[in-house]
Amino acid sequence: MDNVLAFLRTVEPFQLLPDDVLAGVAELVEEVYHSRETLLYQQGTSKLRALDIIVEGAYDTFFYDSEQRKRLPLTYPAGTCYGGISILLHKKRSIRTVVVRARTRVLTLPRRDFRALCVSYPEFFHFFTARYGEQMLNEEFAHFVKPRDTPEQNFLVADQLFSRRVETLEMRPITACTLDTPIYEAAQRMAAAKVSCLFVADTQGTIVGYCTDITLRDSVIAQRLDANRPVADVLATPLVTVSSNVYVYEAILKMFQTKTRYLLVEREGEFLGFLSRNKLLSDLAQSPFMFIQAVKLAQSTHELKRRWDQVPEIVQQLLGRGVKSEIVNQVITAVADAIALKVIDNVLAEHGPAPARFVFMVLGSEGRQEQTLVTDQDNAIIYEDKANEQRELVRAYFLRFAEAVSDQLNHIGLHYCTGGFMAKNHKWTHSLSHWKRNYQEWLRESNPENVMRFATFFDCRYLYGDESIMDELQAFLHQELQKPSERFFRFMAQNALQYEPPLTFLRNIRTFVQGTQKVFDLKRTMTPIVDLVRVYALQHQIFRTNTGERLALLRERGVFREKEYQELLQAYYYLMGMRLNKQANQLLQDRTAPTNYVDPTTLTQVEQVTLKEIFKVIQDFQLKIKVGFTKSF
């Protein structure tokens, strides 16, 4: 008895218990021996009847993946306990597979007595929940413990869509000709090879463009062009390439984002073959990407609205299938982009061609490709500078054009921006020179309002028009950021510190009253991560808009250590997944307008614990911002 009591005093978290309680625990435990290599528990199936406290020997624990490979191995040596998290937070089922190492002696504490200690001593209970929350920030751990329930699969195909890489697909071999090949001969080669795309190479053999069946129809037959002319006269560009090691979904998204029907696949600088969008989509007939294709083919605003109304169902099914929230964001964004592009084309057809080159760009969450189901319009227009006598006519056209686009998007369900960050607002439709002055003013006259505007417009992404105009604006911004801007970055940092994670001094979730509920705001909880990553992206001249991409590039440049990168990435996308799931449930199950508000009492204990650990991560990074940019603590 005395030996057991002395031992328990050395084991976390039993040392937190009063001596008289610990003496009682010593009487409750039972000593058990296990022989070497005994398979003690299996992940997700074995029920634990007791908490195991290892006295001698060790437990080797791990997860088995679908191919029975051991993942995330972790040893529980003498002086540690196993099973607390499983009993409290995993329906009494062992989270991990456990194999006994050598001759192992264990003290077992019945689970009813273990639970009684957790109820009576919060610090004892917190030891297990905090550890679980920390582990849930590891993407691989979270993957193995997440629920496996799968909803109806109307919009989904096999998991291979999100797990297979392009190199595993069947690619078409590249059929090519030279720039001086006659058009008729190019068509003959296409017919002989039974391909709809012929690639064209220069005299050095470098592929510089391509010719498709649509090229032959539109540029040759419809124009009655002499088929003896060289194929260089009807060459299509630019070429779009993709690495062989990217995932299938990434390749398809790239096709939609670049509006290309063909992707050249390369590995280490050499082309392996090409992929056709039609072939890929026919193989994925029930995928979200086929749905995006249906949006692109929609013929009316009514049909576009009906398609947008289906997006919550796709989101719910993707999340239920375990698809990462960052992928779900991209799917939502791809649908919204397809709708906006269709609307812009329709409005241009109604209003006549634009009187100047222009760019229609998207901002905010859409610009970052992080759209949720609570989304509104954030967009702007940049048009080229024109002579004085044309200036007012050009501006009047684009204001009419912008209003028509915004009105149609609002009717479809992409609602007006409550903050007015829309092209239909005359402040955000301007010439290139005017936009340059805007950025100069926001940088030079730093104040909270200008910093907010700059933050919104730094997260801008090309959607339609002449991309070179946007390239020129970014080059200008790059030059401006070379100038001294300490005051500007201080305001940017203060903007990132404006919202604090909703965590009280006693480690509870801070709430406010909304209607009849006490809630916290998920969007505001995520905002500090977006803001602080943006500050560092600006400081290091990173013009990618997506938060995850910015984080990855900042890690490459040594701004964030690997551990910091992983913690921020997992925290951000865990919150994003929770936000998307909440909104989809509100739309589909509650039939109410989606919000970003969450009542903590509706969350599982696991979710609450994980959130608290995420809030701690955000607090730590806000401290880093304070030290790095505001010189304060």
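Counting only residues that are within 19 Å of residue 191 (Cβ to Cβ) and within 35 Å of the chain's Cα centre (by Cα), which one in the stretch 213-259 is surrounded by the most Cβ atoms within 10 Å (Cβ to Cβ)?
Checked the stretch 213-259; the qualifying residue surrounded by the most Cβ atoms within 10 Å (Cβ to Cβ) is 236.
Could you figure out which of (1) surrounded by 12 or more Cβ atoms within 10 Å (Cβ to Cβ); (2) over 18 Å from residue 271 (Cβ atoms); (3) at pLDDT below 90 isn't true of residue 194?
The number of the failed condition is (1).
Just checking, which of 399, 409 is part of a helix (DSSP H, G or I), touching a residue at least 24 places away in the same chain (Cβ under 8 Å), closer than 30 Å to residue 588 by Cβ and not polar (S, T, N, Q)?
Matching residue, one of 399, 409: 409.
For every residue, the table says whether it meets (1) closer than 20 Å to residue 587 by Cα; (2) among the hydrophobic types (A, V, I, L, M, F, W, C).
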{"position": "296", "(1), (2)": "no, no"}
{"position": "299", "(1), (2)": "no, no"}
{"position": "328", "(1), (2)": "yes, yes"}
{"position": "333", "(1), (2)": "yes, no"}
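I'd like the full set of residues that are among the small types (Gly, Ala, Ser) and surrounded by fewer than 24 Cβ atoms within 10 Å (Cβ to Cβ), limited to the stretch 346-364.
Once the filter is applied, which keeps residues that are among the small types (Gly, Ala, Ser) and surrounded by fewer than 24 Cβ atoms within 10 Å (Cβ to Cβ), the stretch 346-364 yields 349, 352, 354, 356.
Of all strands (runs of 3 or more DSSP E) completely enclosed by the stretch 26-102, which ones contain at least 1 residues that are buried (at least 17 other Cβ atoms within 10 Å of the Cβ) and of a type in the set (A, V, I, L, M, F, W, C)?
39-41, 50-64
Out of curiosity, is residue 383 at pLDDT 90 or above, more than 28 Å from the chain's Cα centre (by Cα) and of a type outside the set (Val, Ile, Thr)?
yes
Just the residues that are at pLDDT below 90, of a type in the set (S, T, N, Q) and not in a loop (DSSP other than H, G, I, E, B), please, taken from the stretch 500-538.
514, 517, listed by residue number.
When both residues are 6+ apart or on different chains and their Cβ atoms are under 9 Å apart, which pairs have a first residue that lies in the stretch 182-193 and is of a type outside the set (Lys, Arg), and a second that is surrounded by fewer than 16 Cβ atoms within 10 Å (Cβ to Cβ) and part of a helix (DSSP H, G or I)?
Every condition considered, the pairs that remain are 183/233; 187/213; 190/213.
Assuming residue 415 fulfils every condition listed in (1) under 21 Å from residue 342 (Cβ atoms); (2) touching a Pro at 6+ places or on another chain (Cβ under 7 Å) apart from one, which condition is it?
(2)
Does residue 38 meet the test of being β-branched (Val, Ile, Thr), more than 20 Å from residue 606 (Cβ to Cβ) and at pLDDT below 90?
Yes; evaluated as a whole, the condition is true for this residue.
Taking the stretch 96-129, which residues are in contact with an Asp or Glu (Cβ under 8 Å, 6 or more places away or on another chain) and either modelled with pLDDT under 85 or closer than 20 Å to residue 35 by Cβ (or both)?
Selection gives 98, 99, 100, 101, 103, 104, 105, 106, 107, 108.
For the stretch 70-98, how many residues are touching a Lys or Arg at 6+ places or on another chain (Cβ under 9 Å) and hydrophobic (A, V, I, L, M, F, W, C)?
6
Quick one: how many residues across the stretch 100-136 are among the small types (Gly, Ala, Ser), more than 39 Å from the chain's Cα centre (by Cα) and over 15 Å from residue 51 (Cα atoms)?
Result for the stretch 100-136: 2.
Given (1) more than 26 Å from residue 474 (Cβ to Cβ); (2) touching a Gly at 6+ places or on another chain (Cβ under 9 Å), identify the lone condition not met by residue 418.
The one condition residue 418 does not meet is (2).
Restricting attention to the stretch 227-249, which residues are free of Cβ contacts under 8 Å to residues at least 40 places away in the same chain, in contact with a helix residue (DSSP H, G or I) (Cβ under 8 Å, 6 or more places away or on another chain) and outside any strand (DSSP E or B)?
240
Tell me which helices (runs of 4 or more DSSP H) are completely within the stretch 297-360 and hold 1 or more residues being more than 30 Å from residue 144 (Cβ to Cβ) and either in the same structural domain as residue 470 (by TED's automatic domain parsing) or under 20 Å from the mean Cα position of the chain (by Cα) (or both), or say none if there are none.
301-309, 325-351
Residues in the stretch 472-495: is at least one in a strand (DSSP E or B), farther than 22 Å from residue 567 by Cα and assigned by TED's automatic domain parsing to the domain that holds residue 327?
No: zero hits.
Given the conditions (1) out of contact with any Leu (no Cβ under 7 Å at 6 or more places or on another chain); (2) part of a loop (DSSP other than H, G, I, E, B), and given that residue 253 satisfies all but one, which numbered condition is not satisfied?
Every listed condition holds for residue 253 apart from (2).
For residue 287, only one of the following conditions fails: (1) at pLDDT below 85; (2) touching a strand residue (DSSP E or B) at 6+ places or on another chain (Cβ under 8 Å); (3) surrounded by 20 or more Cβ atoms within 10 Å (Cβ to Cβ). What is its number?
In the conditions (1) at pLDDT below 85; (2) touching a strand residue (DSSP E or B) at 6+ places or on another chain (Cβ under 8 Å); (3) surrounded by 20 or more Cβ atoms within 10 Å (Cβ to Cβ), residue 287 misses (2) alone.
Might you let me know whether the stretch 462-473 holds any residue that is crowded, with 18+ Cβ neighbours inside 10 Å, in contact (Cβ under 8 Å) with a residue 24 or more places away in the chain and either farther than 22 Å from residue 379 by Cβ or β-branched (Val, Ile, Thr) (or both)?
Yes: one or more hits.
Going through 344, 292, 314 one at a time, which residue ends up being out of contact with any strand residue (DSSP E or B) (no Cβ under 7 Å at 6 or more places or on another chain) and at pLDDT 85 or above?
Among 344, 292, 314, only 314 is out of contact with any strand residue (DSSP E or B) (no Cβ under 7 Å at 6 or more places or on another chain) and at pLDDT 85 or above.
Taking the condition of being aliphatic (A, V, I, L, M) and either touching a Leu at 6+ places or on another chain (Cβ under 6 Å) or not in a helix (DSSP H, G or I) (or both), how many residues in the stretch 423-456 meet it?
1
When residue 527 is evaluated against the numbered criteria (1) in contact (Cβ under 8 Å) with a residue 40 or more places away in the chain; (2) among the hydroxyl-bearing types (Ser, Thr, Tyr); (3) touching a Phe, Trp or Tyr at 6+ places or on another chain (Cβ under 9 Å), which criterion, by number, is the only one it fails?
Against the list (1) in contact (Cβ under 8 Å) with a residue 40 or more places away in the chain; (2) among the hydroxyl-bearing types (Ser, Thr, Tyr); (3) touching a Phe, Trp or Tyr at 6+ places or on another chain (Cβ under 9 Å), residue 527 comes up short only on (1).
The values are calculated or read from the model by the stated rules, or taken from the named source; none is laboratory data. Only a predicted model underlies this, so the values are computations on that prediction, with no experimental measurement involved. Don't worry about glycine lacking a Cβ; one is built from the backbone with ideal geometry, like all the others, and counts go over all protein chains shown.
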